[in-house]
Amino acid sequence: MNIKHMIIAVILVVGIIAAGLIAMVAMGGGLYTRGPAQQTIGITGTVTYIDLEGGFYGIVADDGTQYLPLDLPEEFRQDGRAVTAEVIVRDDVATIQMWGTPVEIAAIEAA
């Protein structure tokens, strides 16, 4: 194979790779994938102090679902306090507490 044929072969391979990347981007793919979309939900429940793994505050919703707020404001860290909150479910986070679904507080108020 002479140099001319090698250059043509390289150009063809680069063209095929470029076409594949363009097609992936056009179809909504890409080189990197994002995690699952984060869901925002509304909850009403009770702040609860959990004496486990050094102690922490969770929210037990009225339906019994347990939520682990990653950023519960200090003024709401009262065992038994009724709250209503908008939270962002964080399925991409692991905690040492191994209790409840990790969430970020988007908004919170006393119920």
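The values are calculated or read from the model by the stated rules, or taken from the named source; none is laboratory data. Being a predicted model, the structure only gives us computed values, none of them experimental. All Cβ positions, glycine included, derive from the backbone under ideal geometry; neighbour counts span all protein chains shown.
All but one of (1) surrounded by 13 or more Cβ atoms within 10 Å (Cβ to Cβ); (2) touching a residue at least 24 places away in the same chain (Cβ under 8 Å) hold for Tyr57; which doesn't?
The number of the failed condition is (2).
If I filter the range 90-109 down to residues being aliphatic (A, V, I, L, M) and modelled with pLDDT of 95 or more, which single residue comes out as nearest to Asp51 (Cα to Cα)?
Taking the candidates together, the pick is Val103.
For the range 73-111, which positions are among the small types (Gly, Ala, Ser), in a strand (DSSP E or B) and free of Cβ contacts under 8 Å to residues at least 40 places away in the same chain?
Scanning the range 73-111 gives Ala82, Ala107, Ala110.
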